[in-house]
Amino acid sequence: MTVSPGFLLLANGRLLVPADEMTGLLRHVAAVWLQATDRGEADHDPATVLALATSLMEVADLIDAECIALLPPGEGPSKDAPG
């Protein structure tokens, strides 16, 4: 089985990551933080964790919105799509 990474490393050292993978990662990290706090597995202030998780989700939403704005007309999310 061949697995190719979902990112590109450019010659100048910059890393390009597909936006959907980045937003998924941000949302996943936020969810893990919240779950660990809810379960008492992390010794962190719940209000601080909530604020940080909310910030990560807002960044993910902003990235999604910016990407949608770059799509040509008619290629954005469908009005009939669930969500």
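All of the numbers you see were taken from the coordinates with simple rules; none came from a lab. Not measured: the values here are computed from a predicted model. Neighbour counts are summed over all protein chains in view; Cβ atoms, including those assigned to glycine, are modelled from backbone coordinates with ideal geometry.
The radius of gyration of the Cα set in the range 14-70, together with its Dmax, comes out at 13.1, 41 angstrom.
Could you order the peptides 11-18, 40-47, 26-33, 61-68 from most to least packed, using the average number of other C-beta atoms within 10 Å per residue?
Working: 11-18: 8.6, 40-47: 10.4, 26-33: 16.0, 61-68: 12.8.
Answer by packing, highest mean first, reads 26-33, 61-68, 40-47, 11-18.
Projecting label points 7 angstrom from Cα along Cα→Cβ for Glu21 and Leu8 puts them 1.2 nm apart.
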